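These notes are about the structure you will find just below.
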Amino acid sequence: MIDYFALALGHGLLALALLRLAMWRQLDDDPALRQASDARKAEADAQSAAARAERRRRSDKGDHEGEQA
């Protein structure tokens with residue numbers, strides 16, 4: 001009977017520890033991922049701004065892509 005109690009106690013404590021770890025808020029917050037995401041967004045914004053400026057320059061010059069003479 002003591003063997004069942006020891007097994008139940010051990011597994012119960014492991015389950016409790018697992019639940020406490022799963023509910024820990026800091027597990028979901030990774031600063032490195034947030035930094036990478038911010039850098040990716042900034043790079044996308046910079047590229048899109050540069051692409052818009054290039055398209056604007058081309059349209060000002062009258063160079064339209066896809067037009068055939």
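The numbers here are math on the coordinates, done by the rules we state, and not lab data. For clarity, every value in this text was computed on a predicted model and none was experimentally measured. Methodologically, a virtual Cβ is constructed for each residue, glycine included, from the backbone with ideal geometry; neighbour enumeration extends over all protein chains shown.
Note on GLN26 and ARG55: the model spin-label points, each 7 Å out from Cα along the C-beta direction, lie 4.6 nm apart.
Using only the Cα atoms of the chain, each taken as one equal point scatterer with no solvent, compute I(q) by the Debye sum, divide by I(0), and report log10 of the ratio at q = 0.13 Å⁻¹. Debye curve over Cα of the chain, log10 I(q)/I(0) at q = 0.13 Å⁻¹: -0.68. Which FRET efficiency value, to the nearest 0.05, do you get for ALA39 and ALA17 by plugging their Cβ-Cβ distance into 1/(1 + (r/R0)^6) with R0 = 35 Å? Calculated transfer efficiency: 0.50. Computed 3J(HN,Hα) for segment 14-27, one whole-Hz value per residue from the Karplus formula 6.51 cos²θ - 1.76 cosθ + 1.60 where θ = phi - 60°, is 5, 5, 5, 5, 5, 5, 5, 5, 5, 8, 6, 5, 5, 5, glycine and proline marked x.
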